[in-house]
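Before any comments, here is the structure.
The values are calculated or read from the model by the stated rules, or taken from the named source; none is laboratory data. What you are looking at is a predicted structure, and each value in this text was computed from that prediction instead of being measured. Note that we place each Cβ from the backbone using ideal geometry, even for glycine, and neighbour counts take in every protein chain shown. Quick note on the areas: whole protein, heavy atoms, side chains included, nothing else; ligands and nucleic acids left out. Shrake-Rupley method; radii C 1.70, N 1.55, O 1.52, S 1.80 Å.
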Amino acid sequence: MKYVDEFREPEKAEALRGEIANLSQQLEKPIKIMEVCGGHTHAIFKYGIEEILPANIELIHGPGCPVCIMPRGRLDDAIAISQNPNVILATFGDTMRVPGSKTSLLQARATGADIRMVYSPLDSLQIAKNHPDKQIVFFALGFETTAPSTALTILQAAAENINNFSMFCNHVLVIPALQALLDNPDLQLDGFVGPGHVSMVIGTDPYEFIAQQYHKPIVVSGFEPLDILQSIWMLLQQLVEHRCEVENQYNRLVEKTGNQVAIAAINQVFAVRESFEWRGLNEIPNSGLKIRPEYAQFDAENKFTIPNLKVADHKACQCGEILKGVLKPWQCKVFGTACTPETPIGTCMVSSEGACAAYYKYGRFSTTLPNKIVEQSKVTISS
Amino acid sequence: MCLGIPGKITEITDINHKLAIVDVGGVKRQVNIACIVNEQHPPEACIGDWVLVHVGFAMNRINEQQAKETLKLLQELATIQAEISNA
């Protein structure tokens, strides 16, 4: 496939590994780099990248998985909507097993709710056309990567005058989350691997505050193993040279000012919420999107009675600390015992982009070497 | 959820709704191309373009020149490393 295999070549990975090792010796202290995006977390484990890094470089897995940060109350709200006998709830497959306070969407479906998995929000519009006697609600979530597609879906529903379609909007924004992390005194980060596909939409300009106000380097990265290794190499160069800049490794897809059509669609349909609750990060100001009043007829929060309760996380679950990078997944009390991908207690164990699921799936954890991974020592870069 | 997959636009199926067929590793699927068309690059000019597809939408064109430049840099790095280890 175009520019997938080319970014997996082992000899180039070996060269980058050597460069990273050389640069790491010039670091004045051990460093912590956060990969914000859950897609990066998954790729880092899949390709064994963490274990080929020198011991003085630690990767912190950030809150950039939209499934992981979904608070239980919002899940309960989606389930409450699905309980209406006239409703078909449609959503992406990732969300089906996310635990609410009592059940998941999958369990709700098993007990009779009409809940359907779709590949694209446009598929839910097709369901609406096929079932004019039902109300179809799309459970929308995701960062700025996904928001343009749901915005364009609402615009198409408006253009086609589809009246039995609405959206339960749970979109979140990456910049306020980064700001909250940077303001958290518990987290001492030295740099960021920036999200590739969010940046494809918003561009690299919105990250300038990280370099200028917080004096941290950030490199926007692609998702293939060479992309991630090259981004870490670029970050190390900045740290060794005491530079703090926004750099773009993923320039085959990401432009400085992003995708203007996508940004315009987001701005036309959505407005910023004053505050939105994130699992593990609590309320973050200006961090969520809601549907503008002009499109109120497509807003499920306007169309249905929604409990809108705040529900605390399960007492045993430490997803919050894991999403902030304060704890490693295996340090959670229930990791791998009560909480597994088959019976998740917390969201980080549900999505393949969650840190707990990645550690569990690839079996890379150690209780003796908290900083490094020991179970597999050989890197596998081949596809 | 925020991942995407590269595919090649092979056909425009609905110019009004900006729908096209994208070939992703041999699997063909209809996607929305609204985010990658403009006056300079109308739908009919998109055939043959490589794009990144995310939840049924083509989100951006893959910039071949930038990809090649990145790979060239990485190749130079690999060559230098090989020379160092052989020296």
query: Residue check: is A:Val198 facing chain B (nearest Cβ under 10 Å), touching a Cys at 6+ places or on another chain (Cβ under 9 Å) and of a type outside the set (S, T, N, Q)?
result: yes
Among strands (runs of 3 or more DSSP E) entirely within segment A:33-131, at least 1 residues that are open to solvent by 10 Å² or more (accessible area, probe 1.4 Å) occur in A:57-64, A:114-117
When segment A:13-26 is checked residue by residue, the ones that are more than 14 Å from chain B (Cβ to nearest Cβ) and open to solvent by 30 Å² or more (accessible area, probe 1.4 Å) are A:Gln25, A:Gln26
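Residue check: is B:Ile12 at pLDDT 95 or above, farther than 24 Å from A:Asn251 by Cβ and in contact with a helix residue (DSSP H, G or I) (Cβ under 6 Å, 6 or more places away or on another chain)?
In short, yes.
Filter segment A:80-101 down to residues that are among the β-branched types (Val, Ile, Thr) and over 13 Å from A:Ala300 (Cβ atoms) and give me whichever is modelled with the lowest pLDDT.
A:Val98
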B:Leu71 meets each of (1) more than 8 Å from every other protein chain (Cβ to nearest Cβ); (2) surrounded by fewer than 19 Cβ atoms within 10 Å (Cβ to Cβ) with one exception, condition (1)
Condition set open to solvent by less than 30 Å² (accessible area, probe 1.4 Å), among the small types (Gly, Ala, Ser) and touching a residue at least 40 places away in the same chain (Cβ under 8 Å), scope segment A:141-171, selection farthest from the other protein chains (Cβ to nearest Cβ): answer is A:Ser166
Pairing a residue in segment A:262-273 that is open to solvent by less than 30 Å² (accessible area, probe 1.4 Å) with any residue that is among the hydroxyl-bearing types (Ser, Thr, Tyr), where Cβ atoms lie under 6 Å and the two sit 6 or more apart in sequence or on different chains, gives A:Val269/A:Tyr295
The one condition A:Ser124 fails out of (1) more than 18 Å from A:Pro66 (Cβ to Cβ); (2) within 23 Å of the chain's Cα centre (by Cα); (3) not aliphatic (A, V, I, L, M) is (1)
Taking segment A:277-313 and keeping residues of a type in the set (Val, Ile, Thr) and over 21 Å from A:Pro99 (Cβ atoms) leaves A:Ile284, A:Ile291, A:Thr305
Only one of A:Val137, A:Val174, A:Val193 is in contact (Cβ under 8 Å) with a residue 60 or more places away in the chain, within 12 Å of another protein chain (Cβ to nearest Cβ), within 21 Å of A:Pro66 (Cβ to Cβ) and aliphatic (A, V, I, L, M), namely A:Val174
Output for Cβ contacts, cut-off 6 Å, separation at least six or different chains, first residue among the charged types (D, E, K, R) in segment A:52-63, second in a strand (DSSP E or B), reads A:Glu58/A:Lys32
Screening A:Ile69, A:Ile60 for residues that are out of contact with any His (no Cβ under 8 Å at 6 or more places or on another chain), within 14 Å of chain B (Cβ to nearest Cβ) and β-branched (Val, Ile, Thr) leaves only A:Ile69
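Regarding segment B:58-65, can at least one residue be identified that is out of contact with any strand residue (DSSP E or B) (no Cβ under 6 Å at 6 or more places or on another chain), without any contact (Cβ under 8 Å) to a residue 40 or more places away in the chain, at the interface with another protein chain (Cβ under 8 Å from one of its Cβ atoms) and closer than 23 Å to A:Val254 by Cβ? First the steps, then the outcome.
Our first condition is that a residue be out of contact with any strand residue (DSSP E or B) (no Cβ under 6 Å at 6 or more places or on another chain); within segment B:58-65, this holds for B:63-65.
Among the residues that remain, those that are also without any contact (Cβ under 8 Å) to a residue 40 or more places away in the chain are: B:63-65.
Next, only the ones that are at the interface with another protein chain (Cβ under 8 Å from one of its Cβ atoms) stay: B:63-64.
Remaining after also requiring closer than 23 Å to A:Val254 by Cβ: B:63-64.
Scanning segment B:58-65 turns up at least one residue that is out of contact with any strand residue (DSSP E or B) (no Cβ under 6 Å at 6 or more places or on another chain), without any contact (Cβ under 8 Å) to a residue 40 or more places away in the chain, at the interface with another protein chain (Cβ under 8 Å from one of its Cβ atoms) and closer than 23 Å to A:Val254 by Cβ.
Within segment A:225-254, how many residues turn out to be not β-branched (Val, Ile, Thr) and not in a helix (DSSP H, G or I)?
Residues meeting the conditions: 12.
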Check your understanding: What about A:Lys46, is it over 28 Å from A:Ile210 (Cα atoms) and either of a type in the set (Asp, Glu) or within 14 Å of another protein chain (Cβ to nearest Cβ) (or both)?
Key -> yes
Counting only strands (runs of 3 or more DSSP E) wholly inside segment B:1-56, the ones holding at least 2 residues that are surrounded by fewer than 20 Cβ atoms within 10 Å (Cβ to Cβ) and more than 12 Å from chain A (Cβ to nearest Cβ) are B:5-14
- Message: Here is a check on your reading of the model: is A:Asp76 at the interface with another protein chain (Cβ under 10 Å from one of its Cβ atoms) and acidic (Asp, Glu)?
- Response: no
Report task. Using the structure shown, decide if A:Ile322 is crowded, with 16+ Cβ neighbours inside 10 Å, touching a residue at least 12 places away in the same chain (Cβ under 8 Å) and under 21 Å from the mean Cα position of the chain (by Cα). Result -> yes
